[in-house]
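Where a number appears in this text, it was derived from the coordinates with a stated rule and is not lab data. For clarity, every value in this text was computed on a predicted model and none was experimentally measured. Virtual Cβ from ideal backbone geometry, glycine too; neighbours counted across all protein chains shown.
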Amino acid sequence: MTEYNKMARGRFVSTGLAQIINLPFLPGTVELWNYTAQFAAPTADAIVSAYWDSGMGQGQAITTGYTGAGTFLATDGVSVNGISTFTAGQLLQFGPTLVVTDITKANPALVTTSTPHNLKSGDVVILEGLFQTTTTGMPQLNGIPFTVTVISPTTFTIPWNTSQSNYTVISGAATGTPRVKKVLYPYIYFPGVAFISALTAPGGTTPVLGTTVPVGCVGVTTTDAHNFVVGQEVAFRIPSQWGSVELNSLPDVLIPGSPLYGYVVAVTDYHEVIVSIASASSFTAFNSNQTVASVPGLSYPQIVAVGDVNTGGVQISLGSPLYPSPYFSPIGTTRVSTINGPAIQGAFVNNTSMGFIIGSGAGTNDTDSVLVGTEGDVIYWRAMAYDIVIGE
């Protein structure tokens, strides 16, 4: 029954952090070899190969690595943060909920957790319960997806200006339990919908990179990665309390009954974009200084991708695969492939994904050895799914 087995192989350069491998199937076994540690520069405390089977359970691995002075090999195991599979379905999935002890009044705001958050820059989180008292605090940020920039094991920043008058510092004496949780697979569909944290009028400079906004355009800063591309058609959804309602797609005062759309003319950062739109020269100022009293029932401003070809895809260029898979760029210019077939870029690309994660867990006996290696290590891997599994 070999013809029905699913197999994949590949390689990557380690960052020293957990590595996510997207596949069109869930593997039953995974093998990996650290080429740098095994052949190029054998040293002590280096895992050179590992094996995982789904019967072991998630986060496990059997390993072989150099010990002592790096002159001989020994077997070991990883029991936490080893190799595990994942599947991103139709609903958002979350990591563990952590207690937030402090949020500063700053731009960007600095968030402190009571225990190590285990986040990396580029992860997406959602904050909850952000009251300092029953009438003060930062509940205006509840439920918004934020891309974080990690500062330390217990601190990170979020792209929002909390130095405004209607925000109160969150401290250890806060009412209730301010908390944060990681969104494990935030881009199930892309580019989709992004929350707006700032709008910049023509001639102004955007808050992220200081880009000057051209005439006839608006600078849009989003709370997490927008995943837009140049030429993308977009629409705005801005409730009246946020101002800037002139940018909304409906109604179009020039052509009654027709929506008012803009299009992306420049992508300056993963959460900053320049949009050309007819109403850019006359919209009212954007107001992110919402009051605590307005939070119940508060709707948030959004920029939304529009279009009628929604299966994703990328333009074929010289030297590219004939049938390229759609990709998205959640952070900077890093492109992440999806498991979909070729098509034309649309408004909502299905990014449902699955695969496996090589964690940064350490050996049980040699605790200085790390499964994913050190930064710069070249790691090869092979993954397989079987038709029949006996004795599991």
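Please specify each residue of region 45-65 satisfying the condition of being of a type in the set (A, V, I, L, M) and touching a residue at least 60 places away in the same chain (Cβ under 8 Å).
Ala46, Ile47, Ala50, Ala61
Those residues that are under 17 Å from the mean Cα position of the chain (by Cα), surrounded by fewer than 20 Cβ atoms within 10 Å (Cβ to Cβ) and in a loop (DSSP other than H, G, I, E, B), I need them from region 347-377; list them, please.
Correct list: Thr352 only.
In region 382-392, which residue that is out of contact with any Gly (no Cβ under 6 Å at 6 or more places or on another chain) and assigned to a strand (DSSP E or B) is farthest from Phe25 (Cα to Cα)?
Arg382
The conditions are (1) part of a loop (DSSP other than H, G, I, E, B); (2) of a type outside the set (Val, Ile, Thr); (3) closer than 30 Å to Thr154 by Cβ, and Ala44 fails exactly one of them. Which is it?
Condition (3) is where Ala44 drops out.
Collect the residues in region 5-23 that are more than 25 Å from Leu119 (Cα to Cα) and surrounded by 15 or more Cβ atoms within 10 Å (Cβ to Cβ), keeping them in residue-number order.
Across region 5-23, the qualifying residues are Lys6, Ala8.
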